[in-house]
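This report refers to the structure that appears directly beneath it.
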């Protein structure tokens, strides 16, 4: 597996501005969406950060991006 393949696709297909980096936990509190991406989960919305009691709703952009990733994988593997 090539490192960064899913990350590259996520950044290309994301329908808005994506900010990546190393952030303090406090910076996540003001985010519209928090997601994690890897080859196993493709893109997974983070719904809550339990110790802080923060919650993020699952937005349509994350679900649309997951669908686009799955379609891209199916196209490449066909």
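The values are calculated or read from the model by the stated rules, or taken from the named source; none is laboratory data. Keep in mind it's a predicted model, so treat the numbers as computed, not measured. Every residue, glycine as well, gets a Cβ built from its backbone with ideal geometry; the counts of neighbours run over all protein chains shown.
Per-structure values
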quantity	calculated
Where a residue in the range 28-44 is touching a residue at least 24 places away in the same chain (Cβ under 8 Å) and its partner, wherever it lies, is surrounded by 12 or more Cβ atoms within 10 Å (Cβ to Cβ) and assigned to a loop (DSSP other than H, G, I, E, B), with Cβ under 8 Å and at least six apart	28/34; 31/56; 32/56; 32/59; 33/56; 33/59; 35/46
Helices (runs of 4 or more DSSP H) contained in the chain and holding at least 2 residues exposed (fewer than 10 other Cβ atoms within 10 Å of the Cβ) and modelled with pLDDT of 80 or more	60-77
